[in-house]
Amino acid sequence: MRTYPVVVGADGTDSSRSAVRWAAREAHLRNLPLKVAHVFDWEWREARYDMSHEYLGLARKVAENITAAAVHDARLVADRLDVEGEQLLGHATARLLAESETAELMVLGNRGRGGFASMLLGSVSQRVATHAACPVVVVRGRGDAAEGPVVAGVDDSPAADGVLETAFDAAARRGSGLSVVRSYLPVIPLWLAADVRPADVDMPETDAEERARLDEQLAPWRAKHPEVPVEVLLTHEGAAAALVKASAGAQLVVVGSHGHGGITGTLLGSAGLQLLHHGECPVYVTRPPARTRK
């Protein structure tokens with residue numbers, strides 16, 4: 001049976017180095033090989049008139065150095081890890097999306113080269129996270145965090161089982177607890193809607209019904225992973241706000257590629273996008289690998 005690697009995008013930035021370290025630890029936990037991919041584009045203005053391929057050679061040398069440094073960083077984290085580095089010529093988004101077709105997991109930093117200082121998420125990371133053919137982790141915030149629970153954002157959409165499977169597995173591998181966050185907005189009478197926020201509404205009977213549904217949803221996963229302690233957080237806050245808040249004390253937040261309220265055709269829901277921009281720890285976006293969907 002073919003073993004598919006964890007693939008990490010490396011570009012030499014601090015964000016990228018954090019992603020490489022996270023990916024090395026994850027590959028080690030899963031007993032999978034790690035592939036370090038550096039995408040470079042030599043279409044500089046000067047290169048258009050480079051008949052001797054001097055600029056291509058220079059660009060390739062820089063790419064080799066970046067890749068070698070990333071492979072070295074990965075081996076510092078897990079010295080027995082099976083690591084390979086590869087330089088890919090072309091546009092970063094397109095090449096990384098192609099790599100995702102044969103990856104078990106794609107790992108990226110939240111910022112790349114050339115971004116505006118005010119941007120919270122690089123354009124390549126956002127595009128790959130929303131269109132990759134495999135699960136994606138964007139390493140941001142406390143990328144080296146090893147304390148705190150794994151957090152799972154769960155609704156009652158078809159994607160929820162994938163989120164729970166990933167989150168329980170991640171918690172079991174780390175020997176950590178799991179915090180399951182369910183956000184739902186209670187129905188507010190129209191005469192109150194203008195003056196009361198859903199987060200301030202106290203509806204114990206409705207909350208009890210929602211908790212019972214969530215407990216039923218969790219039951220098979222608790223049975224499969226009895227060693228994982230589970231905490232349930234039921235909130236009337238919006239999902240994005242609740243998950244960003246939970247990320248402050250977590251080592252990983254797991255969300256589905258899309259949930260309720262998404263526009264048909266979008267590949268990442270609003271809560272996931274908010275986490276990618278504002279989360280304080282790595283964010284894991286689940287989706288089935290392409291090979292399992294064929």
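The values are calculated or read from the model by the stated rules, or taken from the named source; none is laboratory data. Every value quoted in this text rests on a predicted model; they were computed, and no experiment measured them. Cβ placement follows ideal geometry from the backbone for every residue including glycine, while neighbour counts extend to all protein chains displayed.
Among the residues of segment 68-80, write down those that are modelled with pLDDT under 95 and touching a strand residue (DSSP E or B) at 6+ places or on another chain (Cβ under 9 Å).
78, the sole residue that qualifies.
When both residues are 6+ apart or on different chains and their Cβ atoms are under 8 Å apart, which pairs have a first residue that lies in segment 12-40 and is at positive phi and in the same structural domain as residue 73 (by TED's automatic domain parsing), and a second that is of a type outside the set (S, T, N, Q) and surrounded by fewer than 24 Cβ atoms within 10 Å (Cβ to Cβ)?
Listed pairs, sorted by first residue: 12/66; 12/69; 12/113.
I need every pair where a residue in segment 205-216 that is farther than 14 Å from residue 181 by Cα has its Cβ under 7 Å from the Cβ of a residue that is modelled with pLDDT under 90, sequence separation at least 6 or different chains.
These pairs meet every condition: 206/186.
Restricted to segment 132-170, and to residues that are among the aliphatic types (A, V, I, L, M) and more than 14 Å from residue 286 (Cβ to Cβ), which residue is surrounded by the fewest Cβ atoms within 10 Å (Cβ to Cβ)? Walk me through it before giving the result.
Start the filter on segment 132-170 by keeping residues that are among the aliphatic types (A, V, I, L, M), which leaves 132-133, 136-139, 145-146, 150-152, 154, 159-160, 163-164, 167, 170.
This time we only want the ones that are more than 14 Å from residue 286 (Cβ to Cβ), so: 139, 145-146.
On the way: 139: 28, 145: 16, 146: 10.
Result: 146.
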